[in-house]
Amino acid sequence: MKFEDMVEFELNIQRDRLKYIKTTLNKEIYCNFPPRKIYIEPTNVCNYKCIHCVHNGALSRKPSYLDVSLYKRRIDEIEHLRLHTKIQFTGVGEPLLHKKIFEIINYAAKKGFFTLMNTNASLLTRENSARLVDSGLDYLHISIDGARAETYEKIRKGGKFRRVIENLFNLFEARYEKKGYHLAVILGIIEQEKNRKELEEFQKFFSRFPFHHIVTGTLFNHMGTIEEANLAYRELNNQSPAKYPCCNTPWDLLSINSDGSAVGCNYDFDNRYVIGDLARQGFMEIWNHDRMLRFRKAILDHHYTKIEKNGSLCSKCTIKWQQDYHLPDNFYSEIARMEDYLVRAVRRCSGHRSRNISMRNKEQSLFKMKQTILNEVS
C-alpha cells in the first residue's frame with residue numbers, strides 16, 4: 001500500500017468499525033460493511049509438522065494450491081475496497097511453497113491493498129527474500145518458537161534453527177539493499193510448555209534483529225486437536241454452551257482456503273462448515289451468503305450443532321475465551337478501543353520516516369554481529 005494512503009485507510013477501517021459495532025450490538029447477522037480482513041490461503045501444504053499445528057496429523061483436507069487466475073479475477077471485483085479491507089496470505093500451509101506466491105502478493109499490492117503474510121522463514125533464501133521485498137508486501141509475520149536449536153526443533157518438527165537464523169539475515173539484507181521499508185517484519189512465539197522457560201531469553205536473543213515487534217501468542221487448540229491447549233481451557237469449555245462468549249470472527253473476517261472453498265471461520269482448517277465457493281461466488285457475495293448468515297446466527301444462539309455436523313468448531317474452540325475475539329457488549333467501551341487504535345495508527349503514520357531511519361541503523365548494527373550470532377547457534 002502506498003504510504004500516502006495509510007491515514008485514509010486507517011480512518012476507513014474505523015468508519016466501518018462503527019457499522020460493525022452497531023450491527024453486533026443489535027445482534028444482526030447481515031453485515032452492511034466489508035470484512036476488515038480477507039484471509040487467503042495460498043496452499044495447505046507445509047514443510048513442517050509443528051506440535052501445535054494441525055499438520056501434526058489432524059488435517060485431512062487434500063493438498064491444494066490457490067488458483068491464481070481465479071484469485072486475480074476475484075481481487076479485481078473488490079478493488080473498490082482497497083482502502084477498507086486487508087488481504088492476508090495465510091492458512092495452515094507455508095505460503096512460500098506456492099510457486100506463484102510473489103505474483104499473488106504483487107497483484108493485490110498493485111491494486112493498492114494492504115497485504116500481510118505469515119511464514120515459518122524456512123524458505124527465505126536470498127532470492128526469495130529479495131523477491132518478497134519487491135512483491136510489495138506490507139507486513140510479514142515470522143513464527144519462531146524457541147530461543148535455542150533444541151527447543152525450536154522439538155516444536156517445529158522438520159525445521160532447522162540455524163537455517164532460519166541465516167534466512168533472517170537474508171531477509172534483512174534484502175530489505176536494506178532495496179530500501180524496502182514498506183515491509184514491516186514482526187516476530188512471533190507461541191507460548192507453550194516446551195518453550196515457557198525461554199521466553200525472556202527469546203526476547204533478548206531476537207532484540208538484536210530489526211523487527212518492528214516481537215509478540216508472544218497464546219496456544220490455540222485448533223478445535224480440540226491440540227491437547228495442551230485443551231487442558232488449559234478444560235474448565236471453561238466444560239461450562240454450559242449457553243455461557244460461552246460469542247466470537248466476533250464471522251463479523252470481522254472472511255476466509256478462503258487454497259481449494260477455493262470459503263469457510264465461516266478462519267480457524268476451520270478442515271472445511272467443516274463451508275459457506276461458499278470462490279469459483280462460483282465473489283468475496284462480497286460469500287460475505288453475506290445464506291450459509292454465512294446461518295453461521296452467525298448459530299453463534300449468537302449458541303446452537304453449535306447446526307454448524308458442527310462435520311466436526312467440532314465453536315463448541316471446543318479456545319479462541320472464544322480471548323477478550324479480543326468477543327462480540328461487543330458495550331458501545332462506550334468499543335468507542336474507547338477505537339480511540340486507542342486510531343491514536344496508535346496515526347502515530348505509526350507520523351513516525352514512519354524516523355522509524356525507517358531507526359530500522360536502517362539497526363540493520364547496519366545487526367550485520368556487524370552476523371558471525372557472532374551465527375556462532376551462537378552453530
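The values are calculated or read from the model by the stated rules, or taken from the named source; none is laboratory data. Owing to the predicted nature of the structure, the values given are computational and were not obtained by experimental measurement. For neighbour counting, all protein chains shown are included, and Cβ atoms are generated from backbone atoms with ideal geometry for every residue, glycine included. Only protein heavy atoms, including side chains, enter the accessible area calculation; ligands, DNA and RNA are left aside. Shrake-Rupley method; radii C 1.70, N 1.55, O 1.52, S 1.80 Å.
Between Lys110 and Asn330, the modelled label-to-label distance comes to 4.9 nm, taking each label 7 Å out from Cα in the direction of the beta carbon.
The simple spin-label model puts a point 7 Å past each Cα toward its Cβ; for Met338 and Thr372 those points are separated by 4.8 nm. Roughly what angle does helix 161-178 make with the longest principal axis of the chain, taking Cα atoms, 0 to 90 degrees, to the nearest 10? So the inclination is approximately 80 degrees.
Rolling a 1.4 angstrom probe over the protein heavy atoms, how many square angstrom per residue are accessible across the chain? Walk me through the numbers before you get to the answer.
Values: 17460 Å² over 378 residues.
Averaged over the residues of the chain, the accessible area is 46 Å².
Listed options for semi-axes √(5λ) of the Cα gyration tensor in Å are (1) 36, 21, 20; (2) 32, 25, 21; (3) 40, 23, 19. The value calculated from this structure is the one marked (2). Modelled spin-label separation between His302 and Arg355, with each label point placed 7 Å from Cα along the Cα-to-Cβ direction: 4.1 nm.
Based only on the alpha carbon positions, what is the Kirkwood hydrodynamic radius of region 181-316, in angstrom?
On the way: mean 1/r = 0.0577 Å⁻¹.
Value: 17.3 Å, from the Cα pair sum.
Principal-axis analysis of the Cα atoms of the chain puts helix 290-301 at an angle of about 80° to the longest axis.
Given the rule -39500 (n - 2.57) for each run of at least 4 DSSP H residues, summed and divided by the residues of the chain, what is its mean residue ellipticity at 222 nm, to the nearest 500 deg cm²/dmol? Intermediate values should be presented prior to the final figure.
On the way: 15 runs with 158 residues, N = 378.
Roughly -12500 deg cm²/dmol at 222 nm, from the helical runs in the chain.
Applying a 4.7 Å cutoff between beta carbons, the unpaired cysteines of the chain are Cys31, Cys46, Cys246, Cys247, Cys265, Cys314, Cys317, Cys349.
Put simply, the Cα atoms of region 1-137 extend 43, 35, 26 Å along their principal axes, the longest span coming first. Were the residues from Asn310 through Leu199 laid out at 0.36 nm apart, the gain over their Cα-Cα distance would be 36.2 nm.
So for region 180-304: antiparallel DSSP bridges make up what percent, rounded to the nearest 5? Kindly include the intermediate steps, with their values, before the conclusion.
Values: 5 of 11 bridges.
Of those bridges, close to 45 percent are antiparallel.
Using a probe of 1.4 angstrom, how much of the accessible area of the chain is carbon and sulfur, in percent? It is 50 percent, rounded to a whole number. Karplus-derived 3J(HN,Hα) values for region 268-277, using 6.51 cos²θ - 1.76 cosθ + 1.60 with θ = phi - 60°, are 7, 6, 10, 6, 7, 9, 8, 10, x, 9 Hz; glycine and proline are entered as x.
Once the piece of chain linking Lys157 and Ala279 is laid out straight, how much longer is it, given 0.36 nm per residue of separation minus the C-alpha distance between them?
Gain on stretching Lys157 to Ala279: 40.5 nm.
Of all DSSP beta bridges located in the chain, what percent are antiparallel, nearest 5?
Just about 20 percent of them are antiparallel.
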